[in-house]
Amino acid sequence: MKTITACEALEHIKSDMVVVSAMAAAEPKEMLKNLHKIAHKVKNVTITNCLPIEVGEYLTNPDYKDSFNIEGWFYSAAMRKAHKNGNISFIPNHLHLAGIKRLHHKKPHIFIGTATPPNKHGYMSLSLSNVYEKRMIEHAETVILEINPNYPRTFGDLEIHVDDVDYAIETGHPVPELPDTQPTEKDLKIGGYIAKMINDGDCIQLGIGGIPNAVAASLLTKKGLGIHTEMFTTGLMKLVKAGAATGKHKQINKSKHVAAFALGTRELYDFIDDNPSVLIMDGNWTNDPNTIAQNHNQVSINTTLEIDLTGQCASESIGSKQYSGTGGQTDTATGAQRSKNGRSFIALYSTATVKNQQNEQNEISKITPFLKRGAIVSLSRNDVDMVVTEYGVAELRGTSLKERATELISIAHPKFKDSLYQQAKEEGIIV
């Protein structure tokens with residue numbers, strides 16, 4: 001492993017190459033914020049990313065669209081905003097297969113990511129993500145890692161030896177954080193409904209956002225919870241610290257808290273640093289529904305943007321506009337339902353406020369007869385279990401179309417219930 005500067009590392013990127021970047025807080029910040037500096041030297045370089053946090057000019061500036069193609073497994077706000085530039089596109093995926101399917105299509109010339117400094121045995125930790133990172137390292141022609149002592153040394157399946165790395169860049173910037181936002185009143189209502197249906201000893205998976213944070217806050221008095229999740233969050237850390245999550249009832253990885261990546265506050269990073277109770281494992285294994293199902297009483301909690309009266313969930317797009325990604329929603333929802341006594345929750349607010357063509361604010365129902373034109377179905381109606389709004393819980397498992405429409409209307413905002421029922425009758429969903 002040779003130590004070089006970020007600018008020297010960028011010289012290894014040539015036209016028509018495929019470069020894969022580590023995701024979220026594991027991104028190589030120095031390389032990405034300087035990537036645009038080689039734009040005049042290269043054409044058609046493909047940058048594959050996932051939930052990017054570093055808002056580099058290569059991503060946002062339309063002047064560089066001929067130099068860089070950005071293809072992502074999960075959109076962030078920066079990706080949504082820059083999509084109009086014309087060089088950004090989404091890669092449809094289930095998270096546990098994202099890396100494998102991408103390798104079938106394109107092999108990386110270069111992998112770029114982050115790691116902790118090597119220990120006395122020459123091993124570094126990839127720290128905050130192993131969704132696809134280690135797998136890509138094994139297939140990349142060249143591996144370049146930013147070595148940063150501020151990153152937590154985590155355990156699991158993400159150790160890598162210095163002999164398997166070509167170039168190292170020494171950095172010292174703070175680790176990117178995700179603020180621990182306070183749940184809203186709606187979040188707390190939804191979180192309360194879900195918490196009542198979670199028992200001591202259940203094994204849980206939480207997604208990202210205010211509703212999962214509220215669920216975590218509502219579980220602090222539970223006992224013996226297990227954690228097998230895609231993303232290890234600040235809320236999950238608090239459950240462990242409070243003694244609510246011990247993992248002692250798990251069937252696999254007993255007494256271990258398992259995830260594919262971590263993203264949250266500095267307190268979270270300090271907690272998982274050198275902590276053998278937290279395992280960051282290969283996303284292909286962690287999020288495989290067959291793996292998830294091995295733990296009994298697995299509970300999956302995710303959110304959606306819109307749901308129709310048959311149960312189809314549009315969780316990643318607003319109409320045809322890509323907003324985020326499927327991520328592990330289908331992985332975890334189906335895995336939980338395969339688990340003995342497992343349950344899956346999909347949560348959403350009953351309404352949203354949007355602008356109409358006259359630029360006026362209108363409140364609309366997020367439970368609708370039909371999804372918006374072009375909307376992407378992230379979770380099919382066949383895989384939806386329980387749906388929760390601030391007005392209650394709709395249990396859809398095993399229901400007919402008429403029954404599920406009635407259930408979903410019952411948890412819609414009161415001002416939309418009559419119109420939803422009438423539309424369901426007009427469309428023949430309820431006869």
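Compared with the dominant principal axis of the Cα atoms in the chain, helix 329-338 is inclined by about 60°.
Taking amide H positions as modeled 1.01 Å from N, with prolines and chain starts lacking one, the residues under 5 Å from Lys250 and 5 or more places away or on another chain are Ser255. A protection proxy built from the mean count of other Cβ atoms within 10 Å ranks the segments 372-385, 417-430, most packed first, as 372-385, 417-430. When the surface is traced with a 1.4 Å probe over the full set of protein chains, Asp16 keeps roughly 100 Å² accessible. Close amide-amide hydrogen proximity is noted between Val299 and Cys203, Ile204, Gln205, Arg343, each under 5 Å apart and 5 or more residues distant or on a separate chain (H modeled in the peptide plane; Pro and chain starts excluded). Of the chymotrypsin sites (Phe, Trp or Tyr not before Pro) in the stretch 309-388, the ones in a loop by DSSP (not H, G, I, E or B) with at most 16 other beta carbons within 10 Å are Phe370. Taking Met124, Met136, Met197 as the candidate residues, the one with maximal mean-square fluctuation in a Gaussian network model of the chain, Cα springs under 10 Å, is Met197. Which of the chymotrypsin sites (Phe, Trp or Tyr not before Pro) across the stretch 68-100 are loop residues per DSSP, with 16 or fewer other Cβ within 10 Å? Listed in order of number, the matching sites amount to none. A simple count of charges around Ile208, restricted to other residues whose Cβ falls under 13 Å of its Cβ and scoring Lys, Arg +1 and Asp, Glu -1, yields -4. Neighbours of Thr334 by Cβ distance under 11 Å: Lys/Arg scored +1, Asp/Glu scored -1, total -3.
If you take all other residues with their beta carbon under 13 Å from the beta carbon of Ala25, and give Lys and Arg +1 and Asp and Glu -1, the sum is -3.
Of the GluC sites (Glu not before Pro) in the stretch 1-97, the ones in a loop by DSSP (not H, G, I, E or B) with at most 16 other beta carbons within 10 Å are Glu11. Ordered from largest to smallest accessible area (heavy atoms of protein chains, 1.4 Å probe), the residues Asp331, Asp180, Asp200 come out as Asp200, Asp180, Asp331. Ranked from largest, the principal axis spans of the Cα set of the chain equal 69, 53, 36 Å. Accessible surface comparison of Thr286, Thr184, probe 1.4 Å, protein chains only, largest first: the order is Thr184, Thr286.
The values are calculated or read from the model by the stated rules, or taken from the named source; none is laboratory data. All of these numbers come straight from a predicted model, not from anything done at the bench. Don't worry about glycine lacking a Cβ; one is built from the backbone with ideal geometry, like all the others, and counts go over all protein chains shown. Ligands, DNA and RNA are excluded from the accessible area calculation, which covers all protein heavy atoms including side chains. Shrake-Rupley method; radii C 1.70, N 1.55, O 1.52, S 1.80 Å.
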